[in-house]
Amino acid sequence: MTIMRASAALLLVAAALLAAVHAEDPYHFFEWKVTYGTKTILGEPQKVILINDMFPGPTINCSSNNNIVINVFNQLDHPLLFTWHGIQQRKNSWQDGMPGTMCPIQPGTNFTYHWQPKDQIGSFFYFPSIGMQRAAGGYGIITVHSRLLIPVPFDEPAGDHPVLVGDWYTKDHTVLAKNLDSGKSIGRPAGLIINGKNEKDASNPPMYTMEAGKVYRYRVCNVGIKTSLNVRIQSHILKLVEMEGSHTVQNTYDSLDVHVGQCLSFLVAADQKPGDYLLIASTRFMKEASSITAIVRYNGSNTPASPKLPEGPSGWAWSINQWRSFRWNLTASAARPNPQGSYHYGQINITRTIKLSTSKGKVDGKERFALNGVSHVDTETPLKLAEYFNASAGVFEYNLIGDVPPPSSTALKLAPNVINAEFRTFIEVVFENPEKSIDSFHINGYAFFAAGMGPGTWTPDCRKTYNLLDTVSRHTIQVYPRSWTAVMLTFDNAGMWNIRSNMWERYYLGEQLYVSVISPARSLRDEYNMPENGLRCGKVVALPLPPSYLPA
């Protein structure tokens, strides 16, 4: 009898262990060798960042909540980090890959990232985040699919086509950085590229193929560093279905504006006469417009594309009106922003308004950009590590800026720019752009509701114009020249998170900050401990680990 009870107990333990194993989300393992390579993309041989000899880098194709494990071998001659643009890293800013959250991967060493796209679906991308490396490539697409049995508000497309499009510079990224350090501008890009190719290489062979009568999904990300783009396909209608992780109301468009750092998906029906057609991306809001095309070929076609390109839109008003037409699909079954229920964002009381105004000025004779008068500088000890090890003294001070911008005549200050946000509070963030050119902002670790935008300076009366019902939950939003954009979000993701301009020249010169969100409970329910393989640098190299967060 005792033996039978023991056997039964062992079987129960084994069953429990087996259930635990099966309950864990699937793993996807990657090994990336990051090197330089020489490519002639826009007429000049140049140094490009390759991943496994590929540019763009490998696609990360997964489902919501999958475990992504990437062992990165840095074979460059510079420190390296990858950030996962739009992946929220729930409770896990340790994997966010920004200079304020992680020590860099030194040349000749490796580091293994481990993260999950928790409760997320949609189109995202990754890129190297240190210095001006983003201008040298090293980026790739991340596609996160809904889990099985969760309905998607459109039929499975016949194909899934990535469109990583952006401006491109032929100068080495170290040269661009030196120019900025010396007070110069990076100037205008040399042109545009799609999926790492110039126009000729994007057409021979065709970049995309479709079979007549079927429907295809195109995932477009603006991976450039300076230029807003408009995307369209000759003779075809674009049905918008997803934007930065949210299903959208399926409006149709002749073309779509995609600003720097933004991603979206549209469906295209292959319902035209079989032949070749052109996918066109053209620059927006520039005096000297440029464009790039890629061939979309119907299977079996031998009919060349018409050389007559559909004209792109012009002006700011068109772009703002298109943004106003974007709506969140509130009936779609999909991952929802955290906390659950926040899709009723218009009914949540705002506890704090932070107005962030951009500015530029000279510091020691060199141009810098700032938010609320402070131009951010990175520190040898990452901000997150300094905070975690209680070693922030001498590294940074909290709240050098206030929630209201200082007078425009205030001199810029160079310093690490870090603010606090109270855990789980619903906050309104207003971005003001007094410059003559467009800006684009991203908040790491979160999705937000872009409730409103308009010309001039924001005032509380502007709230009367907000969309408080169904604006799209997203992570990157444009701010038009001499205009404002207001977003709303719950700061419920504990960690240290970067808020930045996607215009990488501005980012490099200080138009960014970090927001520290601390859970007072110090609970593993709210934030993970520093991972065992976490890199150390600066002041924390020899410090003992702090006490673990408390069990959930």
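Fully extended, how many nm does the chain gain between Ser548 and Arg188 (0.36 nm per residue separation, minus their Cα-Cα distance)? Could the numbers behind the result be given before it?
On the way: separation 360, 0.36 × 360 = 129.60 nm, distance 4.90 nm.
Result for the pair: 124.7 nm of gain on full extension.
List the lysines whose Cα sits under 23 Å from the Cα of Lys214, skipping any in the same chain fewer than 8 residues away.
Lys239, Lys273
By the scheme Lys and Arg +1, Asp and Glu -1, what is the net charge of all other residues having a beta-carbon under 15 Å from that of Lys366? Each step should come with its number before you reach the end.
Numbers: positive: Lys178, Lys184, Lys360, Lys362, Arg368, Lys413, Arg506; negative: Asp181, Asp364, Glu367, Glu505, Glu511.
Here the count lands on +2.
Write down the percent of antiparallel bridges among all DSSP beta bridges whose residues are both part of the range 168-304, to the nearest 5. Don't skip to the answer; put the middle values down first.
On the way: 32 of 35 bridges.
Counting DSSP beta bridges with both partners in the range 168-304, the antiparallel share is about 90 percent.
Order 284-291, 509-516, 105-112 from most to least packed using the mean count of other Cβ atoms within 10 Å.
Working: 284-291: 13.6, 509-516: 24.6, 105-112: 15.4.
Most protected by this proxy first, the peptides run 509-516, 105-112, 284-291.
Name all residues of the range 247-261 having a backbone nitrogen under 15 Å from the label point set 7 Å from the Cα of Ser333 along its Cα→Cβ direction, giving them as ranges.
none
When you have a sec, figure out the Kirkwood radius of the range 246-375 from all distinct Cα pair distances and drop it here in Å to one decimal?
Details: mean 1/r = 0.0507 Å⁻¹.
Final number for the Kirkwood radius of the range 246-375 is 19.7 Å.
Can you tell which of Asn372, Leu264, Asn74 lies farthest toward the positive end of the dipole of the chain, using +1 and -1 charges on the Cβ of basic and acidic side chains (Lys, Arg; Asp, Glu)?
Asn372
How high is the FRET efficiency between Leu524 and His28 when r is their beta carbon distance and R₀ equals 41 Å, given to the nearest 0.05? It would help to have the intermediate numbers written out before the result.
Details: r = 24 Å, r/R0 = 0.59.
Once the sixth-power term is evaluated, E becomes 0.95.
Return the Rg/Rh ratio of the chain with Cα-based radii and a Kirkwood Rh. Write down the numbers at each step before the final one.
Working: Rg = 23.7 Å, Rh = 24.5 Å.
Here Rg/Rh amounts to 0.97.
So if I take the centroid of the Cα atoms in the range 220-289 and the same for the range 397-418, what is the distance between those two points in Å?
So the separation of the two Cα centres works out to 37 Å.
Taking the DSSP beta bridges in the range 345-517 as the whole, what percent of them are antiparallel, to the nearest 5? Walk me through the numbers on the way to the answer.
Numbers: 36 of 49 bridges.
Counting DSSP beta bridges with both partners in the range 345-517, the antiparallel share is about 75 percent.
Is it possible to state the helix-based mean residue ellipticity at 222 nm for the chain, with each DSSP H run of 4+ residues giving -39500 (n - 2.57), the sum divided by total residues, to the nearest 500 deg cm²/dmol? What is it?
Values: 5 runs with 52 residues, N = 552.
For the chain, the value works out to -3000 deg cm²/dmol.
Among all helices in the chain defined by DSSP H, which have a length of 15 Å or more along the axis from Cα atoms plus a Kyte-Doolittle mean of at least 1.6? Intermediate results must be reported in sequence, preceding the final value.
Details: long enough: 2-23 (31 Å, 1.85).
Qualifying helices: 2-23.
Could you list which residues have their amide H under 5 Å from that of Ser440, counting only those 5 or more apart in sequence or on another chain, with H placed in the peptide plane?
For Ser440, whose amide H was placed from the backbone, the distant partners under 5 Å are Val479, Asn502, Met503.
What whole-number distance in Å separates the alpha-carbon centres of the range 484-535 and the range 159-193?
26 Å
No other cysteine beta carbon under 4.7 Å away is the test; run it over the chain and list who passes.
Cys62, Cys462
Looking at the chain, what % of its DSSP beta bridges pair antiparallel, to the nearest 5? List each step's numbers first, then the result.
Working: 96 of 134 bridges.
That works out to approximately 70 percent antiparallel.
Mind scanning Lys91/Lys360; Lys171/Lys413; Lys47/Lys200; Lys287/Lys362; Lys47/Lys539; Lys184/Lys308 and naming the pairs with a C-alpha gap bigger than 28 Å? Before the final figure, lay out the partial values.
Working: Lys91/Lys360 34 Å; Lys171/Lys413 30 Å; Lys47/Lys200 20 Å; Lys287/Lys362 26 Å; Lys47/Lys539 34 Å; Lys184/Lys308 39 Å.
Correct reply: Lys91/Lys360; Lys171/Lys413; Lys47/Lys539; Lys184/Lys308.
Bear in mind that the values in this text are calculations on the coordinates, not laboratory data. None of the values given here were measured: they were computed from a predicted structure. Counting neighbours? That spans all protein chains shown, and the Cβs are built from the backbone with ideal geometry, glycine included.
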